[in-house]
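Some notes on the structure that comes next.
Every number in this text was worked out from the coordinates using simple rules, so none of it is lab data. As the structure is a prediction and not an experimental result, all values here were calculated from the model. Ideal geometry is used to build each Cβ from the backbone, glycine not excepted, and the neighbour counts take in all protein chains shown.
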Amino acid sequence: SMIHKGEYLHFMEKEIFEQPQAVQDTLLYACDKENNEFSYEAFSMSEKDFRDITRIRIIACGSAYHAGYVLKSVCESLARVPVQVELASEFRYNHPILEDGEIVIGISQSGETADTLAAIKEAKKLGAKTLSIVNVNGSAIAGESDFVFYTQAGPEIAVATTKAYSCQLVAGYIFSLLLAKTKGKIGDEEAHILKEELFSLPGKIQQCLSLDSETLTMAKKLKDDKNIFFLGRGLDWAVSMEGALKLKEISYIHCESYSSGELKHGTISLIEKDSPVIALLSQEELAAKSISNIHEVKSRGAKCFAFTMEDISVEEDDFAQILSVPKTQPLFAGSLLVVPLQFLSYQVSLLKGLDPDKPRNLAKSVTVE
Ligand code: G6P
């Protein structure tokens, strides 16, 4: 059936606004209908399948690969199970070694990406159990995997993913929570608190949808730049990769994300007067360290912008603009930060007179290697 943009100018805008619902639907999909608890069955797995997991290998491309880094951060923190993230296109050619108990998780919106499909097949050949987190029912990657979790984003039309990525994050949180519980790393009470926090995300994402006027102010300051640097540490780094990709793919501005601490090992040589730097500062315990990196670039003339979470104090003087998202459990901050990052990309693209739904040279789903 035909999907219409309705009141929206572009599919990307429509899909950004659909995120509260998409995330809510994905949370509900993951719940057992009888007791309303997150269920192993949503992943078509059993408790034993979860208990047997000793390591995790994530394979994906593009934004799904970035979602993998968020899953890594959350899962290692909550479940204390090691996670390695690999580009699907690299996995097969790197003489992959999979250990007993290592589960391979393919993340894909379309479920048809050739490299991800081939990597899942290779993992199976090597004897690993495979789980796919996909958005399209009955897709090839879902069909090839032992286990499947279906994100509930609904059809996504814009090339630059928004709601599907957001649902991938949520699937990753739920997977990590279930694994942490199964492995006895968190108790019932903590699991309950985290679950409540997850169910508050749709409302908080909804609140983030009113950040569009603040991001427009930022977009106007950035639209004529040639290079934009994104910085973050830990989870913020994972989210900054997606922020940089989103902006570059639809604005054609060169954007790169760097781990804050790595900056001084090379990239800082690119910083000159008025170089734009976008810092993600949602992790309170890391914020002070990242701020000292901000001071390093600022003293070389950079013009800095901050994306923070409420209650994290940053010096106004350090930044040309500060934008903050509602407070949530820091592990889930990416779900909120990504919304203004999406707006920023969308608005820069429009200000440059481009069509954000159809960036040049890019396809929604890449079915060739
Ligand atoms: C293409 C799209 C990206 C997407 C990637 C992976 O390159 O342009 O936006 O992240 O494929 O797609 P998948 O369907 O596997 O998530």
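General observations
- Of all residues in segment 330-355, those satisfying the criterion of being farther than 12 Å from residue 243 by Cβ and more than 19 Å from the chain's Cα centre (by Cα) are 347, 349, 350, 351, 352, 353, 354, 355.
- Residue within segment 304-324 that is touching a residue at least 40 places away in the same chain (Cβ under 8 Å) and within 16 Å of the ligand (Cβ to nearest atom) present: no
- The condition of being surrounded by fewer than 21 Cβ atoms within 10 Å (Cβ to Cβ), over 22 Å from residue 168 (Cα atoms) and in contact with a Cys (Cβ under 7 Å, 6 or more places away or on another chain) holds for only one of 279, 288, 320, that being 320.
- Condition check for residue 47: more than 10 Å from the ligand (Cβ to nearest atom) and among the charged types (D, E, K, R): yes
- Failed item, numbered, when residue 288 is tested on (1) within 30 Å of residue 9 (Cα to Cα); (2) assigned to a helix (DSSP H, G or I): (1)
- Look at (1) within 16 Å of the ligand (Cβ to nearest atom); (2) surrounded by fewer than 14 Cβ atoms within 10 Å (Cβ to Cβ); (3) not basic (Lys, Arg) and you find that residue 356 fails only one, number (2).
- Here is the figure for segment 59-76: residues that are within 12 Å of the ligand (Cβ to nearest atom), part of a helix (DSSP H, G or I) and in contact with a Phe, Trp or Tyr (Cβ under 9 Å, 6 or more places away or on another chain) total 4.
- Against the criterion of being more than 17 Å from residue 335 (Cα to Cα) and either surrounded by fewer than 22 Cβ atoms within 10 Å (Cβ to Cβ) or among the basic types (Lys, Arg) (or both), residue 296 qualifies.
- Among (1) in contact with a Leu (Cβ under 8 Å, 6 or more places away or on another chain); (2) free of Cβ contacts under 8 Å to residues at least 40 places away in the same chain, the one test that residue 268 misses: (1)
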